[in-house]
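Trainee: One structure coming up, written as structure tokens, with questions to follow.
The values are calculated or read from the model by the stated rules, or taken from the named source; none is laboratory data. Remember, predicted model here, so these are calculated numbers, not experimental data. Counting neighbours? That spans all protein chains shown, and the Cβs are built from the backbone with ideal geometry, glycine included. Just the protein is used for accessible areas: all its heavy atoms, side chains included, with ligands, DNA and RNA removed. Shrake-Rupley method; radii C 1.70, N 1.55, O 1.52, S 1.80 Å.
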Number of protein chains: 2
Amino acid sequence: MSNEVKLLRFLAQDMTQAELGKRVGLTRQTIAAIEQGRYSPSLDVAFRIAHVFGKGIDDVFHWQPGGDDRSAD
Amino acid sequence: MSNEVKLLRFLAQDMTQAELGKRVGLTRQTIAAIEQGRYSPSLDVAFRIAHVFGKGIDDVFHWQPGGDDRSAD
DNA sequence: ACATCATGTTAGATATATTTGACATTAAGT
DNA sequence: ACTTAATGTCAAATATATCTAACATGATGT
């Protein structure tokens, strides 16, 4: 599972990891870990992140049936 | 956060909780808990469930900005 | 009445997400 | 050179998701 969080932060006036974390109720370390695909966030967190950028979940997180890796880094 | 998992199971030839669990790699107890909104599944699990029904995540799980409850049961 | 199947539920264990606190690095501003 | 802001990373703690094993209930079939 890969995601566009880092890109979307840049598109959103260079929003910082700490700022995003504040807006969704997470620490900056957690944002960093999610951006790097170190683990799969809860669905609730995924919705909150997508909401900050005014996007749908599928626009932010990309999932493929057999895909258990992070190859789209 | 509410969801349509139970409904979608019925629409899918009365698929059983155990059968759905088998298909997505979860136990039937976990499926039951998710259906009842007892907790927010991981994003990965949400994608796998939606995929079984050929739906998008937003078709299966409904989230509202301020919504921390399960009132749409 | 008995057996079976699907579901609800619960307690205790394990796995994973998330936090907290700390330290390192790199880029930018003074 | 110094400071500050943003990020990477890590270890240890806490919270939450998920599993396992068990027992209960209602519906269905024999």
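Trainee: I'd like the full set of residues that are modelled with pLDDT of 95 or more and either more than 18 Å from A:Leu7 (Cβ to Cβ) or within 15 Å of DNA strand C (Cβ to nearest atom) (or both), limited to the stretch A:50-71. Before the answer, list the steps.
Mentor: Taking the stretch A:50-71 and keeping what is modelled with pLDDT of 95 or more, we get A:50-63.
Of everything in the stretch A:50-71, those that are modelled with pLDDT of 95 or more and either more than 18 Å from A:Leu7 (Cβ to Cβ) or within 15 Å of DNA strand C (Cβ to nearest atom) (or both) turn out to be A:Ala50, A:His51, A:Val52, A:Ile57, A:Val60, A:Phe61, A:Trp63.
Trainee: Also, quick follow-up: Failed condition for B:Val24, given (1) within 11 Å of chain A (Cβ to nearest Cβ); (2) out of contact with any Leu (no Cβ under 8 Å at 6 or more places or on another chain); (3) in contact (Cβ under 8 Å) with a residue 24 or more places away in the chain, with all others met?
Mentor: (1)
Trainee: Checking the condition among the polar types (S, T, N, Q) and assigned to a helix (DSSP H, G or I), which residue from B:Gln13, B:Gln29 passes? Steps first, please.
Mentor: Values: B:Gln13 fails: assigned to a helix (DSSP H, G or I).
Among B:Gln13, B:Gln29, only B:Gln29 is among the polar types (S, T, N, Q) and assigned to a helix (DSSP H, G or I).
Trainee: With respect to the numbered conditions (1) within 11 Å of DNA strand C (Cβ to nearest atom); (2) open to solvent by less than 50 Å² (accessible area, probe 1.4 Å), which one is the sole condition not fulfilled by B:Phe47?
Mentor: B:Phe47 satisfies every listed condition except (1).
Trainee: Output yes when any residue across the stretch B:27-37 is exposed (fewer than 13 other Cβ atoms within 10 Å of the Cβ) and within 14 Å of DNA strand D (Cβ to nearest atom), and no when none is. Lay out the reasoning, then the answer.
Mentor: Step one: list which residues in the stretch B:27-37 are exposed (fewer than 13 other Cβ atoms within 10 Å of the Cβ), which gives B:27, B:29.
Then keep just the ones that are within 14 Å of DNA strand D (Cβ to nearest atom); that gives B:27, B:29.
Yes, the stretch B:27-37 contains at least one residue that is exposed (fewer than 13 other Cβ atoms within 10 Å of the Cβ) and within 14 Å of DNA strand D (Cβ to nearest atom).
Trainee: Kindly check whether there is at least one residue in the stretch A:51-66 that is open to solvent by 40 Å² or more (accessible area, probe 1.4 Å), acidic (Asp, Glu) and within 14 Å of chain B (Cβ to nearest Cβ).
Mentor: Yes, the stretch A:51-66 contains at least one residue that is open to solvent by 40 Å² or more (accessible area, probe 1.4 Å), acidic (Asp, Glu) and within 14 Å of chain B (Cβ to nearest Cβ).
Trainee: Given the condition in contact (Cβ under 8 Å) with a residue 24 or more places away in the chain and of a type in the set (Ser, Thr, Tyr), answer yes or no: does some residue in the stretch B:8-17 qualify?
Mentor: No: zero hits.
Trainee: Quick check on my filter: what residues within the stretch B:16-26 are outside any helix (DSSP H, G or I) and farther than 14 Å from B:Arg48 by Cβ? Outline the logic, then answer.
Mentor: Here is the first cut: in the stretch B:16-26, the ones outside any helix (DSSP H, G or I) are B:16, B:25-26.
Answer for the stretch B:16-26, where residues must be outside any helix (DSSP H, G or I) and farther than 14 Å from B:Arg48 by Cβ: just B:Thr16.
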